[in-house]
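The values are calculated or read from the model by the stated rules, or taken from the named source; none is laboratory data. Values in this document were obtained by computation on a predicted structure and should not be read as measured data. For neighbour counting, all protein chains shown are included, and Cβ atoms are generated from backbone atoms with ideal geometry for every residue, glycine included.
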Amino acid sequence: MNITLYPLGAYTSGYCLPFTIELDGIDQEEYGQAINKGLFEAHYKKGDGNVLSSRCLECDHVVIGSVEKVCPECGCLYIEVKATDEEWIVCDTEGVPAALVGEYDLSSDFFAYSDCLENTRLDAEVINAGLAAGFDLLCIEEMYRGEYDSDIAFAEQWAEDTGSINESLGWPYDCIDWDRAARDLMHNYTEHNHHYFSLR
């Protein structure tokens, strides 16, 4: 997963300075520092940049909107200062669900989502389907019922799993109106991209 951002001041001045941040395995603090570095390393036109920012020449720590005399991270005295933008806008993302991206940044829920992917038995595709279906991250694993080709296939499997009917008996299995059975069952379930979830 990654996100590409533009420094906002440069963007509104008519030129783009994209920088991309790999999101896999980083936490919110590391993400914030990656944004600061992207803003600092951008090649602004002369006179652009609306704040003075600092970068430590020892550990590369960046502080946007402040001239530091000593690095707050490592204590180094060797600091580079330059004019930068202090805000950004989203250009593009890869592998990040649309629900977790706003116009200017990732949703505050993104890092909970990332943590969920690392700690669940479900694939990212299932988690994304659950989010798209409107479920809270904490509920998706509990509500997930599996992947099926259609509502009818889901209804048939549900009937068999719950002992409501036995396919091996033939009759009355082959006489059931599975379209209607599926419609009725789906009052208690929802589906996104063939992934089924309980509504209760």
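Please specify each residue of region 12-30 satisfying the condition of being in contact with a strand residue (DSSP E or B) (Cβ under 7 Å, 6 or more places away or on another chain) and more than 24 Å from Pro97 (Cβ to Cβ). Selection gives Cys16, Leu17.
Of the residues examined, Glu80 is not one that is within 26 Å of Asp115 (Cβ to Cβ) and outside any loop (DSSP other than H, G, I, E, B).
Residues are listed down the side, and each one gets a yes or a no for (1) more than 22 Å from Glu30 (Cβ to Cβ); (2) touching a helix residue (DSSP H, G or I) at 6+ places or on another chain (Cβ under 6 Å); (3) modelled with pLDDT under 95; (4) buried (at least 16 other Cβ atoms within 10 Å of the Cβ):
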{"position": "Val90", "(1), (2), (3), (4)": "no, no, no, yes"}
{"position": "Gly95", "(1), (2), (3), (4)": "no, no, yes, no"}
{"position": "Asp115", "(1), (2), (3), (4)": "no, no, yes, no"}
{"position": "Val126", "(1), (2), (3), (4)": "yes, no, no, yes"}
{"position": "Leu131", "(1), (2), (3), (4)": "yes, yes, yes, yes"}
{"position": "Arg145", "(1), (2), (3), (4)": "yes, no, no, yes"}
{"position": "Gln157", "(1), (2), (3), (4)": "yes, no, yes, no"}
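Note on region 111-127: among residues that are of a type outside the set (D, E, K, R) and in contact (Cβ under 8 Å) with a residue 60 or more places away in the chain, the one that is nearest to His192 (Cα to Cα) is Val126.
Scanning region 16-30 for residues that are surrounded by 14 or more Cβ atoms within 10 Å (Cβ to Cβ) and either of a type in the set (A, V, I, L, M, F, W, C) or under 13 Å from the mean Cα position of the chain (by Cα) (or both) yields a total of 5. Screening Glu141 on (1) free of Cβ contacts under 8 Å to residues at least 40 places away in the same chain; (2) surrounded by 16 or more Cβ atoms within 10 Å (Cβ to Cβ); (3) closer than 17 Å to Asp24 by Cα shows it passes everything except condition (3). Scanning region 36-56 for residues that are surrounded by fewer than 19 Cβ atoms within 10 Å (Cβ to Cβ) and outside any loop (DSSP other than H, G, I, E, B) turns up Lys37, Glu41, Val51, Leu52. Against the test of being farther than 23 Å from Pro97 by Cβ, free of Cβ contacts under 8 Å to residues at least 60 places away in the same chain and out of contact with any Asp or Glu (no Cβ under 7 Å at 6 or more places or on another chain), the options Leu199, Leu185 yield a single qualifying residue, Leu185.
State whether the residues of region 108-119 include one that is in a loop (DSSP other than H, G, I, E, B), in the same structural domain as Ile21 (by TED's automatic domain parsing) and under 30 Å from Val90 (Cβ atoms). Yes.
Considering the conditions (1) without any contact (Cβ under 8 Å) to a residue 24 or more places away in the chain; (2) surrounded by 15 or more Cβ atoms within 10 Å (Cβ to Cβ), Pro7 is excluded by exactly one of them, (1).
Of all residues in region 34-51, none satisfies being within 30 Å of Leu137 (Cα to Cα) and at pLDDT below 95.
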